[in-house]
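The values are calculated or read from the model by the stated rules, or taken from the named source; none is laboratory data. On a predicted model such as this, the values are computed, not experimentally measured, just so you know. Quick reminder, even Gly has a Cβ in these numbers, built from the backbone with ideal geometry, and neighbours come from all protein chains shown. Accessible surface areas use protein heavy atoms only, side chains included; no ligands, DNA or RNA. Shrake-Rupley method; radii C 1.70, N 1.55, O 1.52, S 1.80 Å.
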2 protein chains.
Amino acid sequence: MSMRLQDVSETAPLRSCTHEYKVNCETCRLSRICLPLAINHKDLEQLENIIQRSKPLQKNELLYHEGSPFQSIYAVRSGAVKGYRTTSDGREQVTGFYFPGEILGMDGISNNSHASSARALETSAICAIPFDSLERLSASMPSLQRHLFQLMSREITEDQLLITLLSKNSADERVATLLLSIASRNARRNLSASQFRLPMSRVDIGNYLGLTVETISRVFSRMQKTGVLRVDNKEIEILDQEALQLAANIAN
Amino acid sequence: MSMRLQDVSETAPLRSCTHEYKVNCETCRLSRICLPLAINHKDLEQLENIIQRSKPLQKNELLYHEGSPFQSIYAVRSGAVKGYRTTSDGREQVTGFYFPGEILGMDGISNNSHASSARALETSAICAIPFDSLERLSASMPSLQRHLFQLMSREITEDQLLITLLSKNSADERVATLLLSIASRNARRNLSASQFRLPMSRVDIGNYLGLTVETISRVFSRMQKTGVLRVDNKEIEILDQEALQLAANIAN
DNA sequence: GCGCGGCCATGATGCAGATCAAGAATCGGC
DNA sequence: GCCGATTCTTGATCTGCATCATGGCCGCGC
């Protein structure tokens, strides 16, 4: 609610930046886990041509806002982004965290308007991929079309996992599951799966997991006391992977 | 858990039925809200050719099962279906209810294997649409491709609404929201939005909404007592639409 | 038409996590 | 490198829903 006070630095949409940053998928070390993974070398250039890159988003800047016209889906190149929707009484519900190599914004397709908002959790570089171009391209590139279907399908199954987590699991289980998810996504990017810095606040974690800040704090403290984690503010070290897995696997 | 006892009548997959039932999209009164809505008259025949119809599923029969190979998405023609996934400790989480004209099974695309199961809540006629054919077709029919993207996107936004409901709303709010959702989906099919029969049990409702059977019963009783609903077993009448909307709209 | 099994309703009690409150640590701006 | 704002931690208390328990109901098979 008082979150609203942060809305000071909302930027114009990405595409209004005329200056294109010199990056391409060819040399991007995320290409093996991002959109290009579906595309062979010679087709990559066509994708390359439609992707727009712009100056990085600063922490707390908006990538897109609920209700704004849908034009692009986005790939995170660096940093981290949270997706959320605002309820009618003004509270927000965090629906996902997005790390480098991950795609967001696909919920805007059905209405031609974004159904959620996205905000940078830290300074983040983002690739915008205009969806109408992508659609045209994918009609002639079956592997791209398939990959897009798969991406959306994965988003659906992940949302269903979250639904299950929220309706069946205890606070400890929810937190353990989130930490393991972040750990495995780090591993995918060849980062440490056992030691990392959380880009999001306790409030965001609690919001995402359907818990209060206090509960998140308590779970972290408890897990620190039992030797499962070492917690130093946002710095997390998983000391006992097995125990954490056990805590998470009770019900999923 | 004791749900398992119902698993008596599982059928072979739809496509093993050689006998095709004489139905087509052209004459189906759901065509305006189902897949064909995206397709013009002359292209419809091609879609028609790939759709498989088979003998109706009986109550409690499985349409597809978690982990089974993904081949088709499904459209409900009559009856009602519930989607659910089984947690590692054997409990089930209902992830959605599907009524005539609605599409399910898209969560299977990402892995080529179904991420959830689907079971008929009552005798139900189902159209199976082989996905590889649909994919090929959609590469040459932009409006179909777009419609598929939109369908999946809608599923994502609906899952996000459920996530919000589960993590922010009280028992009353959840139940009210579900009833209004069913009412409006009835209206889309030109059925009464104020009087209908619930195809699912209280257990399924509770499971879907992250509540226990007892709580569902109590909420129904309470709403009956306050004159918002008339409840007669599965038969529901919405007496005070405004009040119900108010109860639901507290937070979404 | 009777009996049995699954489904539903309702009351009594317990508990996980929310809420309220207050202090400590950290961050960001100058 | 200091100060105010924000974020985080920890404790005390409260509460909505789960859990446990019981009885009624409804539908179905014989």
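Residue by residue, here is whether (1) within 11 Å of DNA strand D (Cβ to nearest atom); (2) in contact (Cβ under 8 Å) with a residue 24 or more places away in the chain; (3) closer than 18 Å to B:T177 by Cβ; (4) part of a helix (DSSP H, G or I) holds:
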residue	(1), (2), (3), (4)
B:S217	yes, no, yes, yes
B:R222	yes, yes, yes, yes
B:E242	no, no, yes, yes
B:A247	no, yes, yes, yes
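Hey, among the residues in the range B:107-123 that are open to solvent by 10 Å² or more (accessible area, probe 1.4 Å) and over 28 Å from B:K234 (Cβ atoms), which one's farthest from the other protein chains (Cβ to nearest Cβ)? Only one residue tops the list, namely B:S113. Every condition in (1) within 14 Å of chain B (Cβ to nearest Cβ); (2) touching a residue at least 60 places away in the same chain (Cβ under 8 Å); (3) of a type outside the set (S, T, N, Q) holds for A:E66 except the one numbered (2).
Which one is most open to solvent (accessible area, probe 1.4 Å) among residues in the range B:224-235 that are within 16 Å of DNA strand D (Cβ to nearest atom) and in contact with a helix residue (DSSP H, G or I) (Cβ under 7 Å, 6 or more places away or on another chain)?
First, pick out the residues of the range B:224-235 that are within 16 Å of DNA strand D (Cβ to nearest atom): B:224-226, B:228, B:230-235.
Narrowing the set further to residues that are in contact with a helix residue (DSSP H, G or I) (Cβ under 7 Å, 6 or more places away or on another chain) leaves B:228, B:230-231.
Values: B:V228: 17, B:R230: 85, B:V231: 26 Å².
It comes out as B:R230.
Just checking, does the range A:238-246 include any residue being within 13 Å of another protein chain (Cβ to nearest Cβ) and farther than 29 Å from A:R85 by Cβ? Yes, the conditions are met somewhere in the range A:238-246.
If I filter the range B:74-105 down to residues being within 12 Å of chain A (Cβ to nearest Cβ) and either surrounded by 23 or more Cβ atoms within 10 Å (Cβ to Cβ) or of a type in the set (F, W, Y) (or both), which single residue comes out as farthest from B:L198 (Cα to Cα)? The extreme case among them is B:G105. The set of residues in the range A:204-223 that are open to solvent by less than 20 Å² (accessible area, probe 1.4 Å) and either assigned by TED's automatic domain parsing to the domain that holds A:F97 or more than 11 Å from DNA strand C (Cβ to nearest atom) (or both) comprises A:D204, A:I205, A:F220, A:M223.
Residues being aromatic (F, W, Y) and within 14 Å of another protein chain (Cβ to nearest Cβ): count how many of those fall in the range A:213-237. Number of matching residues: 0. Considering (1) at pLDDT below 95; (2) under 30 Å from A:S72 (Cα atoms), say which one B:T157 fails and leave the rest. Evaluating B:T157 over (1) at pLDDT below 95; (2) under 30 Å from A:S72 (Cα atoms) leaves (1) as the failure.
Scan the range A:190-200 for residues that are more than 10 Å from DNA strand C (Cβ to nearest atom), touching a residue at least 24 places away in the same chain (Cβ under 8 Å) and out of contact with any Leu (no Cβ under 7 Å at 6 or more places or on another chain) and the total you get is 5.
One line per residue, one yes/no per condition, for (1) exposed (fewer than 15 other Cβ atoms within 10 Å of the Cβ); (2) within 16 Å of DNA strand C (Cβ to nearest atom); (3) more than 29 Å from A:N111 (Cα to Cα):
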residue	(1), (2), (3)
B:L166	no, yes, no
B:N186	no, no, no
B:R202	no, yes, yes
B:Q241	yes, no, no
B:L246	yes, no, no
